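In what follows, a structure is listed as structure tokens, so that the remarks can point back to it.
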Amino acid sequence: MQNTNHKVLVANRGEIAIRIMQACQKLGLGFVCVYTAEDSASGHVRMAKEHGGEKSLYRVSSYQDANELLAVADESGATAIHPGYGFFAEDYRFARRVTQREKKLIFIGPSWRIIRELGDKINTKRLARSLEVPTVPGSDRPVYDELEAEKIARQLFEFQEEQGIEHPMVLVKASAGGGGMGIEEVYDIDLFKSVYRRIRSYSLRQFSDEGVLIEQRIKDFNHLEVQIVSDRTGKNPVHFGTRNCSIQSTGLQKRLEIAPGFDPSSINYTFDAQKVLDDITEYSLAMARKVGYDNVGTWEWIVTRDGRPFLMEVNTRIQVENGVSAMISRVKGEAGVDLIAEQIRVGLGEPLGYGQDDITFDGVGIEYRLIAENPEIKFTPWVGCIEDFGWDKHDWLEMHSHVPTDIAYDIPTEFDPNLALAIIWGKDLSEVKNNGKKFLDELRLTGRNLSGESLKSNVNFLRTKTDVILKF
């Protein structure tokens, strides 16, 4: 980096905090870390102690207390804040406060206006439609009139019947809701009015807004993503390929990601898979150019079994699965792409320094999310002590974990029991699957809870799913 006078406050925990610190080291930047009492044994705390200078580690009561974080920034002399993912990563109010306070800081993420604009799903849908980007059929604004709502629902039922969908359905959603709140499925148009009234009433009680959205319910699909990176000019966004994130828990939480999003070279799809990948990439870039997107971001897509893509949403942050895209990416022929380092570099104002023609792709990547949970009982989190955790080193393997490998580790009950991210490379789909299963077979992961019961993990689930990756 040209300017290494910055110090970055890492406003997160665990694996992502470690990777942000590593990226800062790579760029020659100082950093300061935070932790809570429950996280005192986390690897990110150890790294800050061992590799940070004076004032590199501060205890806070919560990772979600903005006042505490900003106090740490001031005390430590930080000039920028990296929110990681989760917590404040997509909170435009926090980003705005960081950049507009008296002691201004740089928010390492998109500008707060872009976070606000694309964080609004209705606004994102309107923007997409203005650029003829396909979105899930349905309303692109809150509907307050019952007759209008029923008319939209009838059109959606008719549209699905024309497509040959045997069991059409629509979603009725509270437009001001989020996190799965205020959503019902309607299978029969005759039941629509009662559901609409119920959701409208719920929305008024919960959110003080009667607005309702009506959308087609798409059930049989793959979940694909496009990784976008741009500098502060917002004029030259590039993509780092696609990912397939369709293997999820029963709670629709991702468990295994693959890059690229389809593999038409080894799998026969019923549609032109390469065209779909090209289309969603260009659609995503078109939207990024339109809004002047100025950092990293992910465009999330639904692709139906017959190959029709629909934009779902835009995530205005770095994502857990960024590493699997980096694994297969090359910039000017060089491997070792670090999207978190790129995010920090351009976030601090450096030009991107390369164009789309400089980015190439090699091989296939898998990311496994290793989690202490029981997939057989609805992925219930497991709580206890990790007694042994280790793996064999390979040139095709990257491991990211905050769990110590030299001492026992009690999983904090205050956070999700994520243990590690394992990122595997192979020259093709067959090789990466073999490498992935080899890693899982070699993995050492044992522990017990207070009742003496052995650790539950998703390792066997990941091994089983490896055989079916990228198949529709």
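The values are calculated or read from the model by the stated rules, or taken from the named source; none is laboratory data. Since the model is a prediction, treat every value here as computed from it, not as a measurement. For neighbour counting, all protein chains shown are included, and Cβ atoms are generated from backbone atoms with ideal geometry for every residue, glycine included. Keep in mind that these areas ignore ligands, DNA and RNA; they rest on the heavy atoms of the full protein, side chains included. Shrake-Rupley method; radii C 1.70, N 1.55, O 1.52, S 1.80 Å.
Condition test on residue 318, is it open to solvent by less than 20 Å² (accessible area, probe 1.4 Å), under 20 Å from residue 254 (Cα atoms) and assigned to a loop (DSSP other than H, G, I, E, B)? So residue 318 passes the test.
Determine if the stretch 156-165 includes at least one residue that is open to solvent by 10 Å² or more (accessible area, probe 1.4 Å) and within 30 Å of residue 108 (Cβ to Cβ). Scanning the stretch 156-165 turns up no residue that is open to solvent by 10 Å² or more (accessible area, probe 1.4 Å) and within 30 Å of residue 108 (Cβ to Cβ). If you take the residues of the stretch 86-136 that are among the basic types (Lys, Arg) and in contact (Cβ under 8 Å) with a residue 24 or more places away in the chain, which of them is surrounded by the most Cβ atoms within 10 Å (Cβ to Cβ)? It comes out as 125. Are any of the residues in the stretch 371-379 within 26 Å of residue 432 (Cα to Cα) and assigned to a loop (DSSP other than H, G, I, E, B)? Yes, that holds for at least one residue. Against the test of being open to solvent by less than 20 Å² (accessible area, probe 1.4 Å), closer than 30 Å to residue 329 by Cβ, part of a helix (DSSP H, G or I) and not small (Gly, Ala, Ser), the options 432, 403 yield a single qualifying residue, 432.
Entry remark, the stretch 12-60: residues being more than 18 Å from residue 339 (Cα to Cα) and either open to solvent by less than 10 Å² (accessible area, probe 1.4 Å) or polar (S, T, N, Q) (or both) number 12 in total. Restricted to the stretch 450-472, and to residues that are assigned to a loop (DSSP other than H, G, I, E, B) and in contact with a Leu (Cβ under 8 Å, 6 or more places away or on another chain), which residue is surrounded by the fewest Cβ atoms within 10 Å (Cβ to Cβ)? Ranking the qualifying residues of the stretch 450-472, first place goes to 469. Yes or no: residue 467 of a type in the set (Asp, Glu), closer than 26 Å to residue 263 by Cα and within 25 Å of the chain's Cα centre (by Cα)? So residue 467 passes the test.
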